[in-house]
Amino acid sequence: MILDSLENSGLYESVHPRLKKAFEYLRSTDLAALPIGKIELEGQNLVVNVVEMTGKTVDMAKVETHNRYIDIQIPIDAAETMGWIAANQLKEVSTAYNAEKDITFFADKASNLILVQPYEFVVFFPTDGHQPGIGSGNYKKVIVKILA
């Protein structure tokens, strides 16, 4: 997991070959002006999802993992709390792996909670369990999916 501000994202471009292209796009785009929907930057290898979220309580938010994709998550117009737990610590599957959506949900709760401010980003790797969407109200968020 990586947490930082978008202005520092260049520091992490060498971590994975597609992170450079993703971060260049995120830094050069008015994220607040993006319409809700999906933008394919490199086919299914690099996809930007712009979503409207409704915050949930920590008890309602589910821990999830991805086997094939890395997530970059950026709240745009409000802070969002996200949870983290090492994927190898997760024990209680609540929804089995869905290969089409590349997601497994768990009943376990995150071991750490992180308050992510607008235009800060979190990178979640397949080794990271994450519990996004903790907060209140509605807000816009960008989620970049990068084929690992």
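The values are calculated or read from the model by the stated rules, or taken from the named source; none is laboratory data. Because the structure is a prediction, the values reported are computed rather than measured. With ideal geometry, Cβ positions are generated from the backbone for all residues, glycine too; neighbour counts draw on all protein chains shown.
Just checking, how many residues over segment 71-83 are buried (at least 19 other Cβ atoms within 10 Å of the Cβ), of a type outside the set (S, T, Y) and in contact with a Gly (Cβ under 7 Å, 6 or more places away or on another chain)?
Summing the residues that are buried (at least 19 other Cβ atoms within 10 Å of the Cβ), of a type outside the set (S, T, Y) and in contact with a Gly (Cβ under 7 Å, 6 or more places away or on another chain) in segment 71-83 gives 1.
I'd like the full set of residues that are over 20 Å from V15 (Cα atoms) and of a type in the set (S, T, N, Q), limited to segment 44-98.
N49, T54, T57, T81, N88, Q89, S94, T95, N98, listed by residue number.
Please go through segment 25-49 and give me each residue that is in contact with a helix residue (DSSP H, G or I) (Cβ under 9 Å, 6 or more places away or on another chain) and either among the charged types (D, E, K, R) or at pLDDT below 95 (or both), ordered by number.
If we filter segment 25-49 for residues that are in contact with a helix residue (DSSP H, G or I) (Cβ under 9 Å, 6 or more places away or on another chain), which is where we start, we get 26-27, 31, 39, 41-42, 45-46, 48.
Across segment 25-49, the qualifying residues are R27, E42.
Report, by residue number, each residue of segment 135-144 that is in a strand (DSSP E or B) and crowded, with 21+ Cβ neighbours inside 10 Å.
K141, V142, V144
Output the residue which, of all residues in segment 17-42 that are of a type in the set (G, A, S) and in contact with a strand residue (DSSP E or B) (Cβ under 9 Å, 6 or more places away or on another chain), is surrounded by the most Cβ atoms within 10 Å (Cβ to Cβ). Give the derivation first.
Within segment 17-42, the subset of a type in the set (G, A, S) is 22, 28, 32-33, 37.
Within this subset, residues satisfying the condition of being in contact with a strand residue (DSSP E or B) (Cβ under 9 Å, 6 or more places away or on another chain) are 22, 32, 37.
Values: A22: 25, A32: 12, G37: 9.
So the residue we want is A22.
How many residues does segment 81-100 hold that are over 18 Å from the mean Cα position of the chain (by Cα) and either of a type in the set (D, E) or at pLDDT below 95 (or both)?
1
Pairs, please: C-beta under 8 Å, at least 6 apart or cross-chain, first residue without any contact (Cβ under 8 Å) to a residue 40 or more places away in the chain and in segment 77-91, second among the aromatic types (F, W, Y) and not in a helix (DSSP H, G or I)?
What qualifies is L90/F106; K91/F106.
For segment 101-148, enumerate the residues that are under 10 Å from the mean Cα position of the chain (by Cα) and of a type in the set (K, R).
Step one: list which residues in segment 101-148 are under 10 Å from the mean Cα position of the chain (by Cα), which gives 121-125, 130-133, 141-145.
Of everything in segment 101-148, those that are under 10 Å from the mean Cα position of the chain (by Cα) and of a type in the set (K, R) turn out to be K141, K145.
Looking only at segment 90-134, filter to residues that are of a type in the set (G, A, S) and surrounded by 20 or more Cβ atoms within 10 Å (Cβ to Cβ); which one of those is farthest from K38 (Cα to Cα)? If you could, list the steps in order and put the result at the bottom.
Filtering segment 90-134 for residues of a type in the set (G, A, S) gives 94, 96, 99, 107, 110-111, 129, 133.
Those still in the list that are surrounded by 20 or more Cβ atoms within 10 Å (Cβ to Cβ) too: 110, 129, 133.
Values: A110: 28, G129: 23, G133: 19 Å.
Residue satisfying both the conditions and the ranking: A110.
Could you check segment 1-16 and list, in sequence order, the residues that are crowded, with 16+ Cβ neighbours inside 10 Å and among the polar types (S, T, N, Q)?
S9
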